[in-house]
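Worksheet for the structure shown next.
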Amino acid sequence: MTLKTLYTKNCSRTYKMQWEVLLVVVMVIKIKGTIISDYLTRNPLYDNRATMGTNVISTVYSVRRLSCASHCTTNPTCKSLLYNSITQYCQLLSVQMSPVSDNGPQTSTGWRYYERKIGKLISISFLNSILE
């Protein structure tokens with residue numbers, strides 16, 4: 001076997017491995033995006049809005065929006081969430097926002113509002129399995 005043949009085979013193998021890694025990354029991104037779209041829907045009408053403190057189940061620090069979504073979709077009392085990509089805080093809400101529950105503007109900007117689709121609850125073990 002010549003040096004050129006060995007080089008060509010190794011390059012081919014490396015190129016194929018790069019495509020396999022890329023394909024895995026694309027599949028993970030697709031799965032993560034599907035989880036959010038299958039379980040939550042974005043409603044920009046209530047972006048940067050606040051609700052009464054009694055409607056807030058908890059406020060957690062969540063580096064990623066997907067992590068925030070997982071807190072809501074695994075909690076049966078969570079009906080919606082507000083996620084701030086600037087501060088990376090996540091508020092789980094016990095209500096879906098409406099003119100009645102809207103308590104005016106947030107004290108900071110960057111909040112995005114998502115509503116949980118009715119009857120959609122995701123298991124923690126399934127979520128952990130795709131995030132690993």
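The numbers here are math on the coordinates, done by the rules we state, and not lab data. This one's a predicted model, so the numbers in the text were calculated from it and none came from an experiment. Cβ: placed from backbone, ideal geometry, glycine included. Neighbour counts: every protein chain shown.
Each label point was placed 7 Å from the Cα along the Cα-to-Cβ direction; for Thr77 and Ser98 their separation is 2.0 nm.
Full extension of the chain between Asn48 and Gln88 yields a length gain of 13.0 nm, computed as 0.36 nm times the residue separation minus the alpha carbon distance. Between rounded, prolate and oblate, where does segment 55-106 land on the alpha carbon gyration tensor, with a ≥ b ≥ c its root eigenvalues, rounded for a/c under 1.5, else prolate if a/b exceeds b/c? Because a/c hits 1.5 or more and a/b fails to exceed b/c, segment 55-106 counts as oblate. In terms of packing, defined here as the mean over residues of other Cβ atoms within 10 angstrom, the peptides 53-65, 79-91 line up highest first as 79-91, 53-65.
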